[in-house]
Structures are given as structure tokens and as C-alpha cells.
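For reference, the structure is listed below as C-alpha cells.
The values are calculated or read from the model by the stated rules, or taken from the named source; none is laboratory data. Worth saying up front: this structure is predicted, and the values here are computed from it rather than measured. Note that we place each Cβ from the backbone using ideal geometry, even for glycine, and neighbour counts take in every protein chain shown.
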Amino acid sequence: MELVEAIILSVLAASTPLLIAATGELVTERSGVLNLGVEGMMIVGAACGFGGAWLTGSIFIGALFGIVAGILMSLIFALMALGLAVNQVATGLALTIFGVGLSGLIGAGFVGERISPAAHLTIPGLTEIPLIGHVLFGEDGFVYFSIALIIGAWWFLYRTRAGLILRACGDNHVSAHALGYPVLRIRTFAVMFGGACAGLAGAYLPLAYTPFFIPGMTAGRGWIALALVVFASWRPGRLVVGAYLFGAVTILQLHAQGFGVGIPSQFMSALPYLATVIVLVLLSRARTGGSTAPAALGTVFVPDR
Amino acid sequence: MQLVLEKRTERSNTIALVSPLIAIGLTIVTMTILFAILGKNPLLALQAYFVAPLTDGYSLQEIAVKATPLVMIAIGLSLCYLANAWNIGAEGQFLIGAVAGSWIAVKTQGTDAGAWVLPVMLVLAAAAGALYALIPAICKVKFGASEILTSLMLVYVADLLLDYLVRGPWRDPNGFNFPTTADFDPVATVPVLIEGGRLHLGSIIALLVVAAAAILLGRTIKGFEIRVVGAAPRAARFGGFNANQLIILTFAVSGALAGLAGIIEVAGPVGHLQPGISPGYGFTAIIVAFLGRLNPVGILIAGLFLALTFIGGEQAQIAMKIPLDVTKVFQGILLFYVLACDSLILYRFKLVFPNRQVARGAG
């Protein structure tokens, strides 16, 4: 029983950064912008988040540092891809290359330092309930926030006028522009939201997942978050399923290694990446005959006057 | 008053030519500021980065050695990008090529195998790289899966496979448990051009690749198809060009070149297979491809320039304790500026005064 609980807890912990980053990217892509720089924004968020928490001793301020760093990174992307109409794929790649280097520079000062990780909720009486107590009432703040975030994103996209306008920009920017909506401004906000989420997701890693910073600690999670958005066919509900499924695969391979299954550890470590490829293939195949991607995704828009 | 982009009626050829130079200039200005922030003398740092490596023969050879994989990979990537196929997993294809070629080297180690070993290694590496690149290409063409994500995921898989092999079955029994194969036999090694020097046969192969790509793009129908499919997909469809076939072709060629670069690196400068054989060549090559304007000769120049930053970065680290990550930041900033300047080929900036366009703009 305790093992089951431990596994569920570690799956939640592994899934949370994926869920947060993917929620941000989902909103960004729904506005028609493909920001491939999630990995870069995450790793800078991780370095700044850890730096903030290490300097101030506050996990909350660390998380804020991560968010601000993510937003600043996303603004570079917005300036390039929206302001200068540069190819979004290339800009996103540049953002990741830049972010990996920058995080190394920022983080160089506190590699090897430790902080006390984010506190977990305790409600006397509830947290001790066997099996579900810790899962429901004993998580750190990030886990609860990530769930609120994806519900909020769903509500915004499907239940508000602003969300409808954002989706309109993503499906047909020419029409949205003709109706008088400021397409580029709306997209800039969407990109900034994506940056904030990626920064927070990155900050989660050194603030709650492992209480120290190592260069390259995002280890491709930003790219998996991007794949998750495709996996979810741009729908928030499916994104939750996808994020937890991928968290589960990650944890499964760790436990399998722990049990000494006779498979080399490197093969198990490759599982989440292979799973991403297989899932992308299966899902894209199931969708033949009509794409669910935002119609204007990744296309350049320069308003004509 | 607002600054907006306006599409040029024709692409500006002047800017197309000078934009990489503007980008390099802007990058150097930005780096000067960065060095000052890091508390280093910017002039000395720039000197260490860009001038010092050009002043001695050893560093000059080392630049050519570093440029070799960058140019070979970037040439392949440029074909993909021209055809609007986004292969960003060249790093993985590089590693798989290195692994496949090393297989022969490891299996023939200590035997009296003859001069056939190296050519077989090169061919096998190119084939393995091509096959590895075909996975994302086929997933894209057959199932519509994003080649960007699949090709990138396979980088991590290739990295782990290499790690497994050198820690497990291929580990040098006399290597004090270090994760590395034994040094390759002379017949499995890329020969150096000058006795005692660093420059090796791979650099010649890279030059041949540049020439072949220039001929392919400038003088053949296939090259024309590649350029049309990327630049004008609709026109290409009317012309009866098969875009899917070109995705497969460009991915295979770029995978083969990356794989070839991988084995040349391992059997040349490195001399054995070990983790960390690539300081991110597959990713830096993306920058090389764009900085070279997806043009073979441009890529050759851009590859030498980025190789200079690798060597300069190492020298700046030794001489001035400037962290190696500065090189990556530099490369990222350079790519930003290159892309931004490229935007000016197609667009020009224009100041608009809102009150003048209310009548038309608000409708």
C-alpha cells in the first residue's frame, strides 16, 4: 500500500512541470503561435527560480523569479516572431540554444548549493488517511497550482469572450484582423503567458523536485511538453491525461531500474522519449482526415493596412 | 506613432548580402556589453575570442577540425530547411553514425584487418545516420507526426544508446573503468594531412560535400525542386513535384552527412568512442545553416566562423576564466540577430501615424 502511494506521489511530482509548461504552450498555440523555445524558457526559469530562492530563502519568491525570467525570455520570442515576422520554428530553436547557455551562466554561481524544498501541505486528520491522504492533502503548492492552472486555462479558452477571440486569432488571423481584433497584441499576451508557465515549470524542478540546481536539469522536458500539446490535440482535458501518463512512464522506468529488472538503465531512461515518438505517430495517424491543430499555427502574420 | 513592418515588393539583394555581417556586428556589440557585465575587460575578451585563435598555426588547424563536422551537418540541414522539412535531430544522427562506424572499429580491433576498415566505417556511418533520420521523415510523411519533435526525441535515445555501449559491451577492458572504447587501430583512423598536425582527411571530405551541394542546388532539377517546394509549396504542387518524396530525400541526405561527420569526428580527432564526443555540433550546425543563408558557400564561411568561436571560447576560458557557457549564449544571440536581419530582406520598417489611417484601418 505504501509503495502504491509513493508511486502515485512521485508520478504527480514528475507530471507537474510537464503539465504547467504544456498548459502555457497550449494557450500560446491556440493563439496561432508555435513557440519551440519552451525548453530554453524552462531552463532559464530553473536557474533564476533557484537563484531567487537561494538568495531570499523563500520558495515563493523563487517561483516569482522563475515566472519573470520565463516572461522575459518569451518577450524576446515575441519581438522576433511577432514584431519582426521571423520564422517561428527557427526563432524557437534560437531561444532554446540561447536559454541553455544563459542558464549555465546564471546558474554557475550556485551549482552545488542546496535549499530546503517547497513545503508540503499538512492538514491534521486528512493528510494521514492511508493511500489517498498524502496524494490529495499532502502535496506542495505547485501541484495544486498546476491543476488550478489547467482548469483556469480551460475556462478561459471555452467560457470567456477573450478566450474565443484568442482562438479566433489562432484559427484565422486574417478574419480576426478584419473584425478589428489586435491579432499581434493578443498573440503577444498568449506568448507571455506561455513564457510565465514555462518559467514556473522550470523553477519547479530545483524548488520542489530536487532541491539543487544542475546545468541542463530540464533534460528535454520542455520538448516533451510541446509533444504533449500535440498529444492533447490542443484540448486542456486531454492535456491532463497526457501529462500524468508521461509522468507515469518516467516514474515507471525509475522504479524498474530500482527493482533491478535485467534491462540496462539507459534503455529504461530512453522510454519517455520513445513513448513520445510512438504517441505522436499513433495520434497523428488517428487524426488523418482532419487536423485539430489551430489553422493558423506557426504562420507569419503581418497586418496589412 | 507606431513602427510597423511593410512587405517589400521585391526581396532586397543588398540586405541579403550584408545581413549576416550586420548580425555579426550586432552580436559583437552585445557580447561587449555581456563581458563588461561579467567584469571582464571586453577588448581583451574579444581579442581572445576572435583574434588570438587566428594567430598561431595550431589554432588555425583546430578551427578547420571543428568546422568540419559543423559544415557537413549544416549542408545537410540546409537542404532540409530549403525544402521546409525541419530536421533538428542532427545531433542524434551524428551520434548514431559515430556508433555504427565504431562498431566496425571495435570488432576489428587487434585483428590484421586491412585498409578496407576505414571506408567501410564511413559508409556504414552514413547509412546508419540516413536510416536514423528516415524515422522522423517516414513518421511525418506516412502519419503526419511532427518531424520537429520526433527528430529531437531521437537525439536523447541516440545519446543513451552510445552511453550504454561504451559503459557496457564496448568498454575498453584496459581503460580503468572509464566509459570509453579502446583507441582505434591505425587502419580505423582518419589519416591526418600533415604529419604531426591536427588537420585530417575529413576536412577535404567536407569541402567535397560543399561543392556537391553547390552543384546539386545550382545545377540540377532535384535542387530546383527542393528550393521550389520550400519557397512556393503551391507552385510546386502545380508543377507536379512530390513534396513528401523530397522530405524523405532531404532527411536521408542530411542524416547521412551527420552520420558521416560523426564517425569522422570519432575516428579522427577523438580517436575512440566515448560520451560527450559532440559539444552540440548538431545544434550549432542549425545556426551555421542559417548564418550561411542556406547556401553551400555561405555555410562553409559560417562554419569556420562558429568554429572560431568554439576555439576562442576555450582560449578565453583558459586565459580569462570566462565560462564556456558564454560561447552558447553568443551562438544563441548570433542566431537571433541573423534571423532578425533576414526579416529586413522581405520587409522594411515604416513609421505610421495612427490618425492618418483611421479611416481605412478601423473598418
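For this structure, a couple of remarks:
- Lone unmet requirement of (1) modelled with pLDDT of 95 or more; (2) on the phi > 0 side of the Ramachandran plot for A:G57: (1)
- Residue within region A:69-82 that is surrounded by fewer than 19 Cβ atoms within 10 Å (Cβ to Cβ), within 14 Å of chain B (Cβ to nearest Cβ) and either more than 20 Å from the chain's Cα centre (by Cα) or closer than 18 Å to A:P215 by Cβ (or both) present: yes
- Within region B:329-351, the set of residues being over 18 Å from the mean Cα position of the chain (by Cα), within 7 Å of another protein chain (Cβ to nearest Cβ) and more than 17 Å from B:L294 (Cα to Cα) comprises just one member, B:Y347.
- Top-ranked residue of region A:98-153 - restricted to ones that are under 30 Å from B:F283 (Cα atoms) and surrounded by fewer than 16 Cβ atoms within 10 Å (Cβ to Cβ), ranked as farthest from the other protein chains (Cβ to nearest Cβ): A:E113
Let's see how each residue does on (1) among the hydroxyl-bearing types (S, T, Y); (2) surrounded by 23 or more Cβ atoms within 10 Å (Cβ to Cβ); (3) within 22 Å of the chain's Cα centre (by Cα):
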residue	(1), (2), (3)
B:C80	no, yes, yes
B:V123	no, no, yes
B:F143	no, no, no
B:V166	no, yes, no
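- Taking the numbered list (1) modelled with pLDDT of 80 or more; (2) over 22 Å from A:T91 (Cβ atoms); (3) surrounded by fewer than 17 Cβ atoms within 10 Å (Cβ to Cβ) in turn, A:S291 passes all entries but (1).
- Pairing each residue of region B:191-213 that is among the basic types (K, R) with any residue that is surrounded by 12 or more Cβ atoms within 10 Å (Cβ to Cβ) and not in a helix (DSSP H, G or I), provided the two are 6+ apart or on different chains, yields C-beta distances under 9 Å for B:R198/B:V192.
- Listed by position, the helices (runs of 4 or more DSSP H) enclosed by region A:51-141 that each have at least 3 residues that are within 17 Å of A:L200 (Cα to Cα) are A:59-77, A:88-107.
- Filtered residues of region B:185-221 (kept if surrounded by fewer than 16 Cβ atoms within 10 Å (Cβ to Cβ) and among the charged types (D, E, K, R)): B:E195, B:R219
- Exactly one residue out of B:I263, B:I287, B:I248 is part of a helix (DSSP H, G or I) and within 14 Å of chain A (Cβ to nearest Cβ): that is B:I287.
- Whichever residue in region B:313-328 is buried (at least 24 other Cβ atoms within 10 Å of the Cβ) and under 18 Å from the mean Cα position of the chain (by Cα) and, among such residues, is farthest from the other protein chains (Cβ to nearest Cβ): B:T327
- Single condition A:L93 does not satisfy, out of (1) of a type in the set (A, V, I, L, M, F, W, C); (2) surrounded by fewer than 19 Cβ atoms within 10 Å (Cβ to Cβ); (3) farther than 16 Å from A:A47 by Cα: (2)
- Only one entry of B:T181, B:T189 meets the criterion of being β-branched (V, I, T), over 25 Å from the mean Cα position of the chain (by Cα) and farther than 25 Å from A:V229 by Cα, and that entry is B:T181.
- One residue alone among A:T218, A:T250 is polar (S, T, N, Q) and in a helix (DSSP H, G or I), and that residue is A:T250.
- Each residue in region B:120-152 was checked for being within 13 Å of another protein chain (Cβ to nearest Cβ) and either among the small types (G, A, S) or without any contact (Cβ under 8 Å) to a residue 24 or more places away in the chain (or both), and 10 pass.
- Residue in region A:211-219 that is buried (at least 21 other Cβ atoms within 10 Å of the Cβ), closer than 25 Å to B:K142 by Cβ and within 13 Å of another protein chain (Cβ to nearest Cβ) present: no
- For the residues B:A211, B:A145, B:A182, the requirement of being within 30 Å of B:S59 (Cα to Cα), in a loop (DSSP other than H, G, I, E, B) and of a type outside the set (F, W, Y) singles out B:A182.
Here's the yes/no breakdown for (1) modelled with pLDDT under 75; (2) more than 9 Å from chain B (Cβ to nearest Cβ); (3) over 18 Å from A:R30 (Cα atoms):
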| residue | (1), (2), (3) |
| --- | --- |
| A:G260 | yes, yes, yes |
| A:P264 | no, no, yes |
| A:P272 | no, no, yes |
| A:I278 | no, yes, yes |
| A:L283 | no, no, yes |
| A:A295 | no, yes, no |
| A:G298 | no, yes, no |
| A:D304 | yes, no, yes |
